[in-house]
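Notes follow the structure.
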Amino acid sequence: MKKNIITIVVLIIILALIGTLCYGYYKKFTFKPQNPVATMEVEGFGTMKIELYPDEAPNTVANFIALANRGFYDGLTFHRTIPDFMIQGGDKEGNGTGTPKLSDLKDGGSDEKYSIKGEFLANGYTKNTLKHEKGVISMARSDYSAYASMDPELVEKGYNSAGSQFFIMTKDNTSLNGSYAPFGKVTEGLDVLDKIANVEVVTRDENAQEGLDKPVNPPVIKSLKVDTFGIDYGEPETEKAFDMNEWMQQLYGGATTTTGTTEE
C-alpha cells in the first residue's frame, strides 16, 4: 500500500513537471511582446501616443527609437503642414533639408551624415504591409526620379535617403503606399494631429518658390520618447548619406535641396 502511494506521488510530480515544461514552451512560442509606444508632446497642442510596428519595419523603428530616446527630436518643429494630407517634422534644419549624423544616433558616432534603407515594396522590401491611412507615421525621403535619365541609380538613392524626418498622415492616401516606409500609427491624440495640420502657413500657393506649406509659427515638439517595455531593438543599420548637392555641383556646377521630402 505504501509503495503504491509513493508511486502515485512520484507520478503526480512527474506530470506536474511535464505540465510546467509544456506551459513554458507554450508561453515561449505564443508570447507576443508589447509594441513600443512613442509619446510626443507638442507645445501648445497636446500629446500624441504612437504605436510602432517593428514586425513591419524593424530597421526604421530601431532608428526612430534610437534618435528619440537620445533626445534628438526634442525642440524640433513640424516644418510642413497640409490639411487632408500630412504633417512633416524631425529636421534639425527646420526646413526639410536636414540629414542626421551618426553622432546623433549613438555615443562615439562620427559627424558623417547617414541614411537608412527604405522598407517598402518599391525598394524590394515585401514585409511592410502598412497603408498610409490617417494617423500613420512614415519616413520622409528624397525623390531623385526626375534625374533617373542621367543616372538610373538615383532612383534607388532616393529610396534609401530617409534619416530622421517623418510625416504623419492627416487623411488616407493610397498614392504613397509601397513607395514610403510607414512604421507606426497614432493611437491617442488624433485631435492634436488635426490641430497641427490646420495651423496658419506662409502660403498654400503651389507655384511659390519658398515657404510652401510652412507654418507661420512652426509647432514645436517639446518631447518625444519611446517606451520599449524592456525590449532592446538594437542599433539600426545605416549607410553613408548620398549628397545630391555634391552630385549636382559635379554635373552642372549648381545645387539642389531635395532631402527629406514627401510628395503630395
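Does Gly163 satisfy being buried (at least 21 other Cβ atoms within 10 Å of the Cβ) and closer than 25 Å to Ile65 by Cα?
yes
For the range 166-179, give me the residue count where each residue is open to solvent by less than 40 Å² (accessible area, probe 1.4 Å) and in contact (Cβ under 8 Å) with a residue 60 or more places away in the chain.
Number satisfying all stated conditions: 7.
Starting from residues that are among the polar types (S, T, N, Q) and either under 20 Å from Ile137 (Cα atoms) or under 15 Å from the mean Cα position of the chain (by Cα) (or both), keep the ones in the range 98-119 and report whichever is surrounded by the fewest Cβ atoms within 10 Å (Cβ to Cβ).
Thr99
I'd like the full set of residues that are in contact with a strand residue (DSSP E or B) (Cβ under 9 Å, 6 or more places away or on another chain), among the small types (Gly, Ala, Ser) and assigned to a loop (DSSP other than H, G, I, E, B), limited to the range 180-225.
Gly189, Gly211
One residue is enough: does the range 31-39 have a residue meeting the conditions assigned to a strand (DSSP E or B), crowded, with 20+ Cβ neighbours inside 10 Å and modelled with pLDDT of 95 or more?
Yes, the range 31-39 contains at least one residue that is assigned to a strand (DSSP E or B), crowded, with 20+ Cβ neighbours inside 10 Å and modelled with pLDDT of 95 or more.
Restricting attention to the range 226-240, which residues are part of a loop (DSSP other than H, G, I, E, B) and within 17 Å of the chain's Cα centre (by Cα)?
Correct list: Thr228, Asp232, Tyr233, Gly234, Glu235, Pro236, Glu237, Thr238.
The values are calculated or read from the model by the stated rules, or taken from the named source; none is laboratory data. Owing to the predicted nature of the structure, the values given are computational and were not obtained by experimental measurement. Counting neighbours? That spans all protein chains shown, and the Cβs are built from the backbone with ideal geometry, glycine included. We work out accessible area using only protein heavy atoms, side chains counted, and drop any ligands, DNA or RNA first. Shrake-Rupley method; radii C 1.70, N 1.55, O 1.52, S 1.80 Å.
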